[in-house]
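One structure is given below, encoded as structure tokens.
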Amino acid sequence: MSKQLLIFQSMWAMERIHPHGHTASVEDNLQQLAAAGFDGFTDHYYQRAHVQRLAATARELGLQAEGQVFPTDIDGLQPALELGSEFGCHHITIQADLRPRTLREAIRVLEGWQRLAEQVAFPVLVETHRYRLTNDLLFTLDVLEQLPDLKLLADLSHYVVARELPLPPAEEDQRQMHTILDHSWGFHGRVSNGHQVQVPLRFALHQPWLQQFQDWWRYGMHSWRARVAAGDTLSFTCELGPAPYAITGADGLDITDRWQESLQLKAVVEQLWRETAQ
């Protein structure tokens, strides 16, 4: 059985995505992304009624789920694991909502989550994200030296904007990003530059950054392929969020069509996957 790519759409990215900033119902949004060929969705997995509602429609549409959770301590992960076990999910992604000042404290919490993750049948990944345990790239690299088996989910946009990376990145920057990718088992995707966390994909001035992110994602896909067994699946979530991530005009509305950009990003990722299979 071959290795597969699953492309998800973020339900957060579906907020205010329709004309005049309208947000459709959960059911309508799931139907829209399923009709567009997405394999699944990404959404919060800590309120049982919400997860049950998602699962009811997703099951009918054949969609898989990435559950997101924002624990502030070790035990805070447990409810999401229980919901994932009850309603099903492809994996759970942790945005670690704590900011330890010492490596020792970070390792203590992460090891606790790893022990809990051993109790479930699906992967549990730790996302690279600002204002989270993984906020700082160098601190996260120190964590990986202590926990080389830690499974990350790479959202590289946060490190680009947080560190105000230059273009092209310096050799050391590239090595550090590759280390993150070598420990990543899934992706959240948007394009940032050194100053904005989410830039319009179609604008000419952003094409060099789009190319750089494609290079990173391609490297990450190659790295993942080399680490996994036949039949494993890699997830990539298109996560073009609403304001304040999205740039808006004076009217408060997006200056671009984020749904069309999500489809563009989906096509880009599908092409990268085909390239890495060669």
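The values are calculated or read from the model by the stated rules, or taken from the named source; none is laboratory data. Quick caveat: nothing in here was measured; it's all calculated off a predicted structure. Positions of Cβ are backbone-derived with ideal geometry, glycine not excepted, and every protein chain shown enters the neighbour counts. When the accessible area is computed, the model is the full protein with side chains, heavy atoms only, and any ligands, DNA or RNA have been set aside. Shrake-Rupley method; radii C 1.70, N 1.55, O 1.52, S 1.80 Å.
Here are some notes:
- Residue list for the range 1-29, restricted to those being under 20 Å from Y245 (Cβ atoms) and more than 17 Å from the chain's Cα centre (by Cα): R16, I17, H18, P19, H20, G21, H22, T23, A24, N29
- The range 225-255 - residue that is in a loop (DSSP other than H, G, I, E, B) and of a type in the set (V, I, T) and, of those, surrounded by the most Cβ atoms within 10 Å (Cβ to Cβ): I247
- Some residue of the range 88-106 being assigned to a helix (DSSP H, G or I), farther than 19 Å from S25 by Cα, aliphatic (A, V, I, L, M) and open to solvent by less than 50 Å² (accessible area, probe 1.4 Å): yes
- Scanning the range 82-108 for residues that are more than 26 Å from E60 (Cβ to Cβ), in contact with a helix residue (DSSP H, G or I) (Cβ under 6 Å, 6 or more places away or on another chain) and hydrophobic (A, V, I, L, M, F, W, C) returns L103, A106, I107.
- Looking at E127, E145, E105, just one residue is farther than 24 Å from W216 by Cβ and modelled with pLDDT of 95 or more, and that residue is E105.
- Of all residues in the range 256-278 being over 17 Å from the mean Cα position of the chain (by Cα), modelled with pLDDT of 95 or more and more than 19 Å from W12 (Cβ to Cβ), the one that is surrounded by the fewest Cβ atoms within 10 Å (Cβ to Cβ): R274
- If you check Q95, Q68, Q114 for being modelled with pLDDT of 95 or more, closer than 29 Å to L141 by Cα and touching a Ser or Thr at 6+ places or on another chain (Cβ under 6 Å), only one passes: Q68.
- When the test is whether a residue is crowded, with 16+ Cβ neighbours inside 10 Å and among the aromatic types (F, W, Y), Y131 does not pass it.
- Tally of residues being in contact with a Pro (Cβ under 9 Å, 6 or more places away or on another chain) and not β-branched (V, I, T) across the range 84-108: 8
- So A154, is it out of contact with any helix residue (DSSP H, G or I) (no Cβ under 8 Å at 6 or more places or on another chain) and of a type outside the set (K, R): no
- Every residue from the range 142-163 that is in contact with a Gly (Cβ under 7 Å, 6 or more places away or on another chain) and not in a helix (DSSP H, G or I): L153, A154
- When the range 1-28 is filtered for residues that are assigned to a helix (DSSP H, G or I), open to solvent by 20 Å² or more (accessible area, probe 1.4 Å) and either of a type outside the set (V, I, T) or within 30 Å of A277 (Cα to Cα) (or both), the ones remaining, listed by number, are W12, P19, H20, G21, E27, D28.
- Boolean, D155 is modelled with pLDDT of 95 or more, under 20 Å from the mean Cα position of the chain (by Cα) and within 19 Å of Q212 (Cβ to Cβ): yes
- If you check R202, R274 for being charged (D, E, K, R), in contact (Cβ under 8 Å) with a residue 60 or more places away in the chain and closer than 22 Å to L33 by Cα, only one passes: R202.
- Residue in the range 66-83 that is under 23 Å from Y159 (Cβ atoms), over 19 Å from the mean Cα position of the chain (by Cα), of a type in the set (G, A, S) and not in a loop (DSSP other than H, G, I, E, B) present: no
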